[in-house]
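K.L.:
One structure is given below, represented as structure tokens, and several questions about it will come after.
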Number of protein chains: 2
Amino acid sequence: MAKILRVNMTNLTVGTPQAEGNYDGLGGRALTSALVNAEVPPTCHALSNRNVLVLARGMVSGTAVPCSGRLSVGAKSPLTGTIKESNAGGTAAQALAALGLDAVVVEGQPKENGAYVLVGSPSGWELVRDDSLRNKSNYPLVDKLFKRFGKKASIISIGKAGDMRLSSASVACTDPEGRPNRHAGRGGLGAVMGSKGLKAVVLLTRGAARPQPADPQKLADAAKRFVALLKEHPVTATALPTYGTNVLAGIVNAVGGYPTNNFSKGQFVGVDRISGEAQRETILKRHGRAKHACHPGCTIACSRVYVDSKGKYVTKGPEYETIWALGANCGIDDLDAIARMDRLCDDIGIDTIETGATIAVAMEGGLLKFGDAKGAIKLVREVGAGSPLGRIIGSGAKLAGQAFGVARVPVVKSQALPAYDPRAIKGIGVTYATSTMGADHTAGYSICQNVLKVGGSIDPLEPKGQVEISRNLQIATATIDSLGICLFVAFPVLDKPEAFQAMLDMTSAVTGKPFGADTFTEMGKSVLRTERDFNRRAGFTNMDDRLPDFFRTERLLPHDTVFDVPDAELDTVFNF
Amino acid sequence: MAKILRVNMTNLTVGTPQAEGNYDGLGGRALTSALVNAEVPPTCHALSNRNVLVLARGMVSGTAVPCSGRLSVGAKSPLTGTIKESNAGGTAAQALAALGLDAVVVEGQPKENGAYVLVGSPSGWELVRDDSLRNKSNYPLVDKLFKRFGKKASIISIGKAGDMRLSSASVACTDPEGRPNRHAGRGGLGAVMGSKGLKAVVLLTRGAARPQPADPQKLADAAKRFVALLKEHPVTATALPTYGTNVLAGIVNAVGGYPTNNFSKGQFVGVDRISGEAQRETILKRHGRAKHACHPGCTIACSRVYVDSKGKYVTKGPEYETIWALGANCGIDDLDAIARMDRLCDDIGIDTIETGATIAVAMEGGLLKFGDAKGAIKLVREVGAGSPLGRIIGSGAKLAGQAFGVARVPVVKSQALPAYDPRAIKGIGVTYATSTMGADHTAGYSICQNVLKVGGSIDPLEPKGQVEISRNLQIATATIDSLGICLFVAFPVLDKPEAFQAMLDMTSAVTGKPFGADTFTEMGKSVLRTERDFNRRAGFTNMDDRLPDFFRTERLLPHDTVFDVPDAELDTVFNF
């Protein structure tokens, strides 16, 4: 039975955690999507009191399953209007598990503006009002909360952007060092949290026990096998720990799919100055940390700690997509400037991908020149200041495109395309077009087969075969997001049947129920069906499963290609 | 054969007017919608070079048919994403007719920013580049053009908002006194014109002959009957000439359907200070003109000339919907402030309805207090200044709602609802929801039967019967918009079979072809089918034919009602 805490922000009441049979056996994305689909009227306004915000740990989060600390955040998205699940690392999912919960469901809306903190501990749950927290940024906010609740708290929070209910607003989770730098970034879920007056959730696990798996011995055995395989695969054993996710910059640039200057070119001349290699060198020279885990139990450690020239902490990572969005896509080749913007985005609480895409669109609209790093930093600061310009930048690429009269706006279902050009890497184009979430690379990461040759190999420039890989990846991802395991385990899981088997065994050991390959696939399909059902009832159709026209009409160098997977094929992605 | 001039803004070439068989017998809205549906890829970005802008006179414009000076402007709308036709009075349609054209079709987009003027005269057509006109407002713009081309020119133009490609940008037409105050306001068609670099169209009719009807005697006879009936009907003979369109303020307020403070109430305490009666009194006291025709041949003369306390011209009208939008809907009861904003909107070139709705949404978002007239004027000025705040206000209510985190946003298909609350006047709610244009009162003006008891009587508070009146009105309107006759003739036409017959006879006399009641109805149906076809191919479905949820969940005083026409009934509007 899924144990759920319901918080009603209209009446400002906190329920008693209840096992709810309707959501039996679900966790993570499967749980958030089931709840949102069942309880949110699909045509409601995402910022109205009829939306709900769900915070759910994965099915195996908090156990000894490696890399299982993902927290899923779900709601109807104010950015896309679709159902939305966005997940993050950090320590919150494990803390939620330790407190015996599968999910917190936040309903309603207070009559007057105010800032509330939901505090959970083994002794119970309460809602605390503290209006002095309103409009605080994430870093000073968690400082204040750590002072009040102790340094060991896990904190889920929104920055100023969430208070302002901006469509790019993220939900932040603290990392093991208490830094609010792991974000459920996409889709503006921070605005939903802000619309409910919920500024933060503080999880105090002192005295709480780790949840016990059904079969501890089986779990230990399978986890051991799994870790060994993670430590063997070149991506999880070497590439990610050494260079972080930004190892991709050079690789994606080399295949001509690194979107530059608002998706007008596929290669960036400044790539070597912002690549994973350059980043590692800079971090090592300055004595930052070139390897870091975003939550206990992660054996990959793709994160890092970026410091300034004096060795002072600036921000985590930044990740590949962030460096692309605020870098190449804006024509910016200055790592320090990008790290500064990443820190600002985390502090203000906005999605780095959407923000970079938005700045690039504003650049195309003539607001700044491509490559103007100082101007870009100023723009991000405007979001925090809540100025009208900041509200435009904080509301996403589509809105900025409209405000600045730009015709080339790279969005699907109103969400900006991430760091891979679909004209050069066509499998990801299928995912962008058809994902239930709007353009989202994580939803079906075809870079595996199109570029990295993990789990097979499909020519990225040919339309053929892309729908099939996207379909299979979307199904698998939906299950992995439900388990609460970091998506990066997919590299060995896709390549090695033993790794897949170990993951199934671990899940079964935790739940005490059979969990075979069929269960795995059926769960993913079921999650996607649930999400498609919501979107259909919200008014979305196949016609929304399309890239913007310019990807079909404007040719991309160096390959001189357009996106040419036929619409009719796109419409078969969910034929299962 | 429809005589069409094609202007290609990519190559900067002007074709020779050609009779195009494809569009035979069409004019006004029937012509713009047929052209847009046939030639614009429905999924293209409205500001891209693949959109076209069509300027078409009505089928009978320029002849002796009374009130027939409407100019239709058509394109894919940057505001709604639907097909769009917006029409205006002024002298342009008659001038176009005198120059022997049915329509001008503007295609493509120049490679670099520039300001072009299309100049037409009996000796031919040319495109003149004059970058000094760029970013000029409409009033100084036409002054400059009159100096160059003579005072008798008819001018179609865009203000600053069109240059900025803002989604509320209008297309202005000059009135008989050469004032750019008759606007095709809705749907941002000025942004399409701006995206093509076309700043103005100057029509010089000296030496041109009025188009000859096929049967002058039949036309003279039918027109005489028609004028007599216009001069008999209480609305066109008395109400409109005496008080202008704003005669409605008191009437609509009395039935509780006058949206106040962003559609939160149905009656406005300040109505008596901004009503048609108050407006007339003010104008008469200041020696303005309480009766004015927006184009030669109009026998109703619902327009007026608003002057300041020193008797100096401020603006036309303003019209009922403008006074509502910038008045009651913003809680503003100051006629002079509203007139000032109307003038600013005309000068900058933005839709007054969308602008008022947007300011009200911004007020709800906390930017200003309801009733703050000075603040509202400042906001309109910001649009002209092109500041980030101005870009938000000039991009419409939906965008402003998103930027300011507002959940109550009164739009359908991204276009703001006009001056009648659909919870108190339910027939207009059906039109708002289902119109091919987004929320638009003119598309099927149920106020006739719901409030004015013209053409029948249907209880405005009952859901029953609303779909039928909206359907019939939408069909009739589509034909009237195609004829190029002012919609206000509908009052006698709906009430008196003889008036309807006179209109049919006039049309037949002009075209030389039979034009009976069946032809009239079939033309309207055909226009709607064409528009629905475009919208369907652009991705719109029945789910887009809905009012925002809050009209179904939030009760409106004084009648304590919600909009309750069932969705299933809305979906039958186009069953014909």
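K.L.:
Quick one: count up the residues across the stretch B:143-166 that are of a type in the set (D, E) and either more than 14 Å from chain A (Cβ to nearest Cβ) or over 24 Å from the mean Cα position of the chain (by Cα) (or both).
P.N.:
Counting residues in the stretch B:143-166 that are of a type in the set (D, E) and either more than 14 Å from chain A (Cβ to nearest Cβ) or over 24 Å from the mean Cα position of the chain (by Cα) (or both) gives 1.
K.L.:
Do any helices (runs of 4 or more DSSP H) lying entirely in the stretch B:369-441 carry at least 3 residues that are farther than 23 Å from B:G81 by Cα and modelled with pLDDT of 95 or more, and which ones are they?
P.N.:
Fully inside the stretch B:369-441 and qualifying: B:373-385.
K.L.:
In this structure, is A:A325 away from chain B (no Cβ under 12 Å) and either part of a loop (DSSP other than H, G, I, E, B) or within 23 Å of A:D560 (Cα to Cα) (or both)?
P.N.:
For A:A325, the condition - away from chain B (no Cβ under 12 Å) and either part of a loop (DSSP other than H, G, I, E, B) or within 23 Å of A:D560 (Cα to Cα) (or both) - is met.
K.L.:
Looking only at residues in the stretch B:270-315 that are closer than 16 Å to B:N246 by Cβ and among the hydroxyl-bearing types (S, T, Y), which one is surrounded by the fewest Cβ atoms within 10 Å (Cβ to Cβ)?
P.N.:
Of everything passing the filter in the stretch B:270-315, B:T282 is surrounded by the fewest Cβ atoms within 10 Å (Cβ to Cβ).
K.L.:
Among the residues of the stretch B:100-117, which ones are under 24 Å from B:G207 (Cβ atoms), assigned to a loop (DSSP other than H, G, I, E, B) and not acidic (D, E)?
P.N.:
Once the filter is applied, which keeps residues that are under 24 Å from B:G207 (Cβ atoms), assigned to a loop (DSSP other than H, G, I, E, B) and not acidic (D, E), the stretch B:100-117 yields B:G100, B:L101.
K.L.:
Scanning for something within 14 Å of chain B (Cβ to nearest Cβ), farther than 19 Å from A:L483 by Cα and either at pLDDT 95 or above or buried (at least 20 other Cβ atoms within 10 Å of the Cβ) (or both), does the stretch A:11-19 turn up at least one residue?
P.N.:
No.
K.L.:
Just need a number here: residues in the stretch A:264-280 that are over 23 Å from A:F563 (Cα atoms) and either assigned by TED's automatic domain parsing to the domain that holds A:E554 or of a type outside the set (A, V, I, L, M, F, W, C) (or both).
P.N.:
Result for the stretch A:264-280: 8.
K.L.:
Right, another one. Quick check on my filter: what residues within the stretch A:404-436 are more than 10 Å from chain B (Cβ to nearest Cβ) and farther than 23 Å from A:S457 by Cβ?
P.N.:
Once the filter is applied, which keeps residues that are more than 10 Å from chain B (Cβ to nearest Cβ) and farther than 23 Å from A:S457 by Cβ, the stretch A:404-436 yields A:P410, A:V411, A:V412, A:K413, A:Q415, A:A416, A:L417, A:T436.
K.L.:
Moving on to the next point. Can you tell me which residue among B:N11, B:N37 is closer than 26 Å to B:S167 by Cα and either assigned to a loop (DSSP other than H, G, I, E, B) or assigned by TED's automatic domain parsing to the domain that holds B:T477 (or both)?
P.N.:
On the way: B:N37 fails: either assigned to a loop (DSSP other than H, G, I, E, B) or assigned by TED's automatic domain parsing to the domain that holds B:T477 (or both).
When all the criteria are applied, what remains is B:N11.
K.L.:
Another question, then. Taking the stretch B:538-567 as the search range and keeping residues that are basic (K, R) and under 18 Å from B:V412 (Cα atoms), which one is farthest from the chain's Cα centre (by Cα)?
P.N.:
B:R552
K.L.:
Which one of A:K147, A:K199 is surrounded by fewer than 24 Cβ atoms within 10 Å (Cβ to Cβ) and either out of contact with any Gly (no Cβ under 6 Å at 6 or more places or on another chain) or under 29 Å from A:G81 (Cβ atoms) (or both)? Talk me through it step by step, then tell me what you get.
P.N.:
Working: A:K199 fails: surrounded by fewer than 24 Cβ atoms within 10 Å (Cβ to Cβ).
Just one listed residue meets the conditions, A:K147.
K.L.:
Of the conditions (1) under 23 Å from the mean Cα position of the chain (by Cα); (2) in a strand (DSSP E or B); (3) surrounded by 23 or more Cβ atoms within 10 Å (Cβ to Cβ), A:G120 clears all except one; give me its number.
P.N.:
Among (1) under 23 Å from the mean Cα position of the chain (by Cα); (2) in a strand (DSSP E or B); (3) surrounded by 23 or more Cβ atoms within 10 Å (Cβ to Cβ), the lone unmet condition for A:G120 is (1).
K.L.:
A further question follows. Determine which member of the set A:T507, A:T479, A:T530, A:T541 is among the hydroxyl-bearing types (S, T, Y), within 30 Å of B:G81 (Cα to Cα) and buried (at least 20 other Cβ atoms within 10 Å of the Cβ).
P.N.:
A:T530
K.L.:
Might you let me know whether the stretch A:171-190 holds any residue that is buried (at least 24 other Cβ atoms within 10 Å of the Cβ), under 25 Å from B:G365 (Cβ atoms) and either assigned by TED's automatic domain parsing to the domain that holds A:A325 or out of contact with any strand residue (DSSP E or B) (no Cβ under 9 Å at 6 or more places or on another chain) (or both)?
P.N.:
No, the stretch A:171-190 contains no residue that is buried (at least 24 other Cβ atoms within 10 Å of the Cβ), under 25 Å from B:G365 (Cβ atoms) and either assigned by TED's automatic domain parsing to the domain that holds A:A325 or out of contact with any strand residue (DSSP E or B) (no Cβ under 9 Å at 6 or more places or on another chain) (or both).
K.L.:
Determine, yes or no, whether B:G401 is more than 22 Å from the chain's Cα centre (by Cα) and within 14 Å of another protein chain (Cβ to nearest Cβ).
P.N.:
Details: more than 22 Å from the chain's Cα centre (by Cα): yes; within 14 Å of another protein chain (Cβ to nearest Cβ): yes.
Yes.
K.L.:
Quick one: would you say A:V467 is over 22 Å from the mean Cα position of the chain (by Cα) and either surrounded by fewer than 24 Cβ atoms within 10 Å (Cβ to Cβ) or not small (G, A, S) (or both)?
P.N.:
Answer is yes for this residue.
K.L.:
For the stretch A:42-99, which fully contained strands (runs of 3 or more DSSP E) count at least 3 residues that are within 14 Å of another protein chain (Cβ to nearest Cβ), in contact (Cβ under 8 Å) with a residue 12 or more places away in the chain and surrounded by fewer than 24 Cβ atoms within 10 Å (Cβ to Cβ)? Spell out the reasoning first.
P.N.:
Numbers: elements: A:53-57, A:71-76, A:83-88.
Counting at least 3 such residues, we get no strands (runs of 3 or more DSSP E) at all.
K.L.:
Would it be correct to say that B:G356 is within 14 Å of chain A (Cβ to nearest Cβ) and modelled with pLDDT of 95 or more?
P.N.:
It is false that B:G356 is within 14 Å of chain A (Cβ to nearest Cβ) and modelled with pLDDT of 95 or more.
K.L.:
Then there's this: Scan the stretch A:139-149 and tell me whether some residue there is in a strand (DSSP E or B), over 20 Å from A:P296 (Cα atoms) and at pLDDT 95 or above.
P.N.:
Scanning the stretch A:139-149, I find no residue that is in a strand (DSSP E or B), over 20 Å from A:P296 (Cα atoms) and at pLDDT 95 or above, so the answer is no.
K.L.:
Of the conditions (1) outside any loop (DSSP other than H, G, I, E, B); (2) away from chain B (no Cβ under 14 Å); (3) crowded, with 22+ Cβ neighbours inside 10 Å, A:A228 satisfies every one except a single condition; which number is it?
P.N.:
Condition (3) is where A:A228 drops out.
K.L.:
Check whether at least one residue in the stretch B:172-194 is within 14 Å of chain A (Cβ to nearest Cβ) and over 30 Å from B:E107 (Cα atoms), and report yes or no.
P.N.:
No: the stretch B:172-194 contains no residue that is within 14 Å of chain A (Cβ to nearest Cβ) and over 30 Å from B:E107 (Cα atoms).
K.L.:
Moving to a separate point now. Consider only pairs whose beta carbons are under 9 Å apart and that are at least six residues apart or on different chains; among these, list those whose first residue lies in the stretch A:513-539 and is within 14 Å of chain B (Cβ to nearest Cβ) and whose second residue is among the acidic types (D, E).
P.N.:
A:N535/A:D544; A:G539/B:D544
K.L.:
Now for a separate question. Out of the stretch A:479-534, which residues are under 20 Å from A:G455 (Cβ atoms), of a type in the set (G, A, S) and assigned to a loop (DSSP other than H, G, I, E, B)?
P.N.:
Within the stretch A:479-534, A:G516 is the sole residue that qualifies.
The values are calculated or read from the model by the stated rules, or taken from the named source; none is laboratory data. Bear in mind that the values here come from a model prediction, so they are computed numbers and not experimental data. Backbone-built Cβ (ideal geometry, glycine too); neighbour counts: all protein chains shown.
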